[in-house]
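Report on the structure given below.
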Amino acid sequence: MQNEDKPIKVSKPKKWAAGRPAVTSSLKQILSTAGPVRGTKALLELNQTDGFDCPSCAWPDPDDHRAASEFCENGAKAVASEATAKIVDERFFRTHSIEQLQAESDYWHDQQGRLTSPMVLRASEGATHYEPISWDDAFSLIAEELKSLDHPDEAAFYTSGRASNEAAFMYQLFVRVYGTNNLPDCSNMCHESSGSGLDASIGIGKGTVSLDDLHEADTIIIAGQNPGTNHPRMLASLEKCVENGGKVIGVNPLVEAGLLAFAHPQKISGMMNRATPLASQYLQVKVNGDMALFRGVAKSIFEREEAKPGSVIDSKFITEHTAGAEEYESAVSATSWERILGDSGLTREDIETLTDTVLDKDKKLITCWAMGITQHKNAVDIIREIVNVHLLIGAIGRPGAGLCPVRGHSNVQGDRTMGIFEKLPEWFHLSLEHHFKFKSPRKHGYDVVEAIHAMHQGDLKAFIALGGNFLQAAPDTNYTEEALRKTNLTCHIATKLNRSHLVTGKTGLILPCLGRSDRDTQEKGDQFVTCENSMGIVHSSKGKLTPNSKLMMSEPMIVARMAVATVGDTETIKWLWMVEDYNRIRNHIEGVIPGFDDYNVRVAQPGGFYLPNAPKERIWNTDNKKANFNSPQLSIFRPAEGRLALQTLRSHDQYNTTIYGLDDRYRGIGNNRMIIFLNPEDMKSRGIKPLQELKITSYWTDGQRDATGFKAIPYDMPEGSAAAYFPEANVLVPIDSTADISNTPTSKGIEISIEAI
Ligand SMILES: Nc1nc2c(c(=O)[nH]1)N[C@H]1C(S)=C(S)[C@@H](COP(=O)(O)OP(=O)(O)OC[C@H]3O[C@@H](n4cnc5c(=O)[nH]c(N)nc54)[C@H](O)[C@@H]3O)O[C@H]1N2
Ligand SMILES: Nc1nc2c(c(=O)[nH]1)N[C@H]1C(S)=C(S)[C@@H](COP(=O)(O)OP(=O)(O)OC[C@H]3O[C@@H](n4cnc5c(=O)[nH]c(N)nc54)[C@H](O)[C@@H]3O)O[C@H]1N2
Ligand SMILES: [Mo]
């Protein structure tokens with residue numbers, strides 16, 4: 001479905017990332033999509049202190065020196081996609097039926113341009129096309145539906161991580177005043193496991209390092225993350241670390257070009273394609289072999305300490321700051337080397353070499369991770385095992401050392417800080433109640449997977465989404481589609497057309513909103529919004545481009561209008577007054593959430609400000625006020641005999657469900673997304689030839705799921721593993737296959753078999 005007619009091209013995977021090809025690719029994309037004038041203006045404003053924040057990933061900008069081109073290839077693609085001059089307007093919907101739109105690919109959808117008018121699909125009345133609707137009527141329709149429900153818990157309010165702090169704060173406030181905590185968000189499918197694991201271990205669900213720490217680290221381990229594609233600006237920090245004498249270690253079943261070497265596109269040497277080697281050691285773990293690897297490092301550390309007491313472990317730190325070290329030591333000694341090597345797929349030498357590096361110099365260790373860790377059944381335990389290793393050597397809360405979950409969406413961390421959370425902590429409810437004088441509901445809401453089930457069972461009747469592409473991002477596409485169709489109302493606040501807009505409840509609404517790059521003018525003049533990046537820095541973002549249509553509305557305004565129509569103003573909450581000047585929203589945020597003192601003053605400073613982060617000061621806000629070791633038995637996802645472990649990942653030409661192109665340049669794939677990477681031996685033993693078309697079957701306790709049309713690509717990866725692209729492979733992810741504790745779909749650990757067709 002995602003392919004154009006051109007034949008698939010397969011070439012050798014690349015050995016380095018960025019350089020001139022990245023610059024050429026960004027320019028090509030921005031010129032063809034946004035045009036020279038709009039495109040150049042957009043790029044010049046991107047990530048400048050007075051410009052707008054890149055809508056792509058959450059990697060921070062340098063605190064001090066920013067190049068005139070402080071963006072990466074994939075940031076440029078994201079901006080090009082948003083800044084396009086093409087529009088999807090009333091005429092577009094008049095000439096394209098839902099059926100026609102459904103037959104088109106996600107790639108085609110994104111290419112059509114920006115949504116510019118509010119539209120309604122009256123599906124239950126047999127409508128075949130979206131029709132125009134006025135903003136007033138759209139808000140009345142939403143309010144009528146929400147007010148007609150038996151209970152506010154029959155509605156759910158999804159958020160994708162691009163929403164600004166201001167939009168997110170208003171949204172969660174509206175939802176709680178309305179009376180529910182049904183606030184599922186993309187985080188539930190993303191770093192929820194990091195939040196759960198880190199909260200239990202160190203008392204905060206966020207990372208503990210800054211860019212300076214990365215630059216001065218002795219060792220940076222990068223596990224389950226592909227920064228060359230998904231956080232390209234991170235490569236500049238890794239290069240700095242290496243130039244300063246640090247080492248980078250890659251942990252990944254696939255050899256990812258961006259971890260091998262980097263040609264800095266803002267340096268002359270980089271533009272000459274001269275690349276700095278990055279990873280000094282590359283560990284091709286088995287899919288889900290990471291917990292065993294980190295346990296192996298811990299075992300080696302204990303053994304070395306025993307051989308030379310007092311030389312390896314940071315006993316002072318452990319005594320002063322941690323709990324559970326003894327249990328952990330027993331758990332580690334009860335784990336055999338045989339098990340560690342079997343589960344990780346690595347050799348003893350691999351693990352000893354890694355331990356040498358970790359213990360070298362001042363033991364300034366940083367571990368970075370992303371979806372290759374968080375989207376597994378035992379994700380929370382893997383993350384806590386990573387923390388265990390850091391605690392053993394005191395590699396947290398000191399310069400150059402700490403934990404670095406690398407967040408995805410550009411403001412996903414900020415949205416959670418603002419209260420987009422179905423399990424909001426009690427202090428936050430109390431603070432909202434104190435500040436706004438209303439009764440905040442306490443019953444926990446649905447997360448993403450629970451919301452899908454609730455829709456399926458008829459318990460959720462209205463689904464409103466502040467951004468995102470719920471249908472394509474969620475697991476088990478067919479089941480999710482059935483669920484969405486059972487609702488009365490689906491409503492998407494969106495910038496671009498996507499497949500979720502085509503699978504509606506009885507009535508479907510599309511509300512076109514401004515994006516990051518668009519100028520946002522309200523009653524008191526042009527506004528800026530604020531975002532929090534992966535390192536807890538809150539900074540401003542001001543759109544500069546003229547919006548494609550006067551009909552488009554800002555997200556805070558859409559939320560305010562929805563709230564006015566549904567719950568109305570109260571003594572303390574004046575919705576429209578708040579959006580006249582976003583400083584007023586920020587004043588309310590300051591009144592509710594700690595760490596935002598003098599918000600408007602501090603965020604006006606170039607670069608913004610850091611939110612407080614207790615573990616950086618070695619303060620642990622856990623129940624026992626200690627950093628906690630976690631001592632479970634080793635766990636691993638192991639498919640049955642003859643089956644494979646499938647992980648679903650991103651190509652170089654996509655932003656989650658938004659497909660910018662059909663190539664995956666670093667992995668050597670051109671013109672096609674319907675592929676499955678396989679180990680050559682696994683192919684041989686099954687008699688599968690390169691490019692042969694396969695049927696993939698996934699297995700779960702509730703039965704099997706099939707997907708067809710995936711071409712086999714032999715690739716350097718451990719036996720027993722397979723990889724296919726998200727979202728095409730989401731049909732295979734069973735709805736109930738989720739991580740323990742965090743309930744995140746196990747998008748990186750799916751049991752499959754393959755068969756030639
Ligand atoms: N250009 C671009 N940028 C993005 C995004 C995008 O789609 N495009 N998405 C954004 C979002 S929301 C997110 S969350 C991040 C995602 O950033 P990543 O987490 O880097 O994204 P994935 O492609 O899912 O990559 C997962 C990596 O983990 C590896 N992996 C899979 N299973 C395992 C395992 O068991 N162990 C180990 N060690 N590795 C494993 C895969 O081989 C792959 O390299 O990027 C953000 N930035
Ligand atoms: N199998 C599998 N599934 C996965 C993953 C995986 O690795 N494998 N990754 C998961 C992860 S990490 C994530 S974060 C989720 C992503 O889930 P989502 O965040 O729901 O998906 P996106 O593709 O980022 O959403 C893209 C849509 O957002 C809208 N949009 C873009 N910018 C804006 C804006 O500024 N405002 C508004 N209102 N709308 C905007 C556009 O209409 C666009 O079509 O997917 C998850 N699903
Ligand atoms: Mo994500």
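The values are calculated or read from the model by the stated rules, or taken from the named source; none is laboratory data. Fair warning: this is a prediction, and the values are worked out from it, not measured in the lab. Counting neighbours? That spans all protein chains shown, and the Cβs are built from the backbone with ideal geometry, glycine included. We work out accessible area using only protein heavy atoms, side chains counted, and drop any ligands, DNA or RNA first. Shrake-Rupley method; radii C 1.70, N 1.55, O 1.52, S 1.80 Å.
Miscellaneous remarks
- The criterion of being hydroxyl-bearing (Ser, Thr, Tyr) and within 15 Å of residue 390 (Cα to Cα) does not hold for residue 335.
- Residue that is farther than 24 Å from residue 462 by Cβ, more than 16 Å from ligand 3 (Cβ to nearest atom) and not assigned by TED's automatic domain parsing to the domain that holds residue 465, where the choices are 536, 608: 608
- Meets criteria (assigned to a loop (DSSP other than H, G, I, E, B), closer than 27 Å to residue 727 by Cβ and either in contact with a helix residue (DSSP H, G or I) (Cβ under 6 Å, 6 or more places away or on another chain) or open to solvent by less than 30 Å² (accessible area, probe 1.4 Å) (or both)) for residue 117: yes
- Meets criteria (more than 16 Å from ligand 3 (Cβ to nearest atom) and either open to solvent by 10 Å² or more (accessible area, probe 1.4 Å) or of a type in the set (Asp, Glu) (or both)) for residue 52: no
- Among residues of region 702-715 that are at pLDDT 95 or above, those with a Cβ under 6 angstrom from a residue that is loosely packed, with under 14 Cβ neighbours inside 10 Å and outside any strand (DSSP E or B), sequence gap 6+ or separate chain, pair up as 714/690.
- Subset of region 278-330 (residues that are β-branched (Val, Ile, Thr) and open to solvent by 20 Å² or more (accessible area, probe 1.4 Å)): 313, 318, 319
- Residues in region 146-161 that are more than 16 Å from ligand 3 (Cβ to nearest atom) and assigned to a strand (DSSP E or B): 3 in all.
- Within region 217-243, considering residues that are part of a helix (DSSP H, G or I) and among the β-branched types (Val, Ile, Thr), the one nearest to residue 378 (Cα to Cα): 229
- Helices (runs of 4 or more DSSP H) lying entirely in region 446-523 (those with 3 or more residues that are open to solvent by less than 10 Å² (accessible area, probe 1.4 Å)): 448-456, 477-485
- Matching entry among 148, 134, 160 (being at pLDDT 95 or above and farther than 30 Å from residue 583 by Cα): 148
- The set of residues in region 379-414 that are more than 16 Å from ligand 3 (Cβ to nearest atom) and open to solvent by 10 Å² or more (accessible area, probe 1.4 Å) comprises 381, 384, 397, 398, 399.
Residue by residue, here is whether (1) outside the structural domain of residue 182 (by TED's automatic domain parsing); (2) open to solvent by 10 Å² or more (accessible area, probe 1.4 Å); (3) more than 28 Å from residue 179 (Cβ to Cβ); (4) more than 32 Å from the chain's Cα centre (by Cα) holds:
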position	(1), (2), (3), (4)
109	yes, no, yes, no
133	no, yes, no, yes
136	no, yes, no, yes
142	no, no, no, no
145	no, yes, no, no
152	no, yes, no, no
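- Condition met for residue 46 (in contact (Cβ under 8 Å) with a residue 12 or more places away in the chain and more than 26 Å from residue 604 (Cα to Cα)): no
- Residues in region 162-216 that are hydroxyl-bearing (Ser, Thr, Tyr), more than 16 Å from ligand 3 (Cβ to nearest atom), buried (at least 24 other Cβ atoms within 10 Å of the Cβ) and in a helix (DSSP H, G or I): 171, 201.
Okay, residues lined up against (1) buried (at least 22 other Cβ atoms within 10 Å of the Cβ); (2) outside the structural domain of residue 231 (by TED's automatic domain parsing); (3) farther than 21 Å from residue 257 by Cα:
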{"site": "650", "(1), (2), (3)": "no, yes, no"}
{"site": "658", "(1), (2), (3)": "no, yes, yes"}
{"site": "672", "(1), (2), (3)": "yes, yes, no"}
{"site": "701", "(1), (2), (3)": "no, yes, yes"}
{"site": "718", "(1), (2), (3)": "no, yes, no"}
{"site": "724", "(1), (2), (3)": "yes, yes, no"}
{"site": "728", "(1), (2), (3)": "yes, yes, yes"}
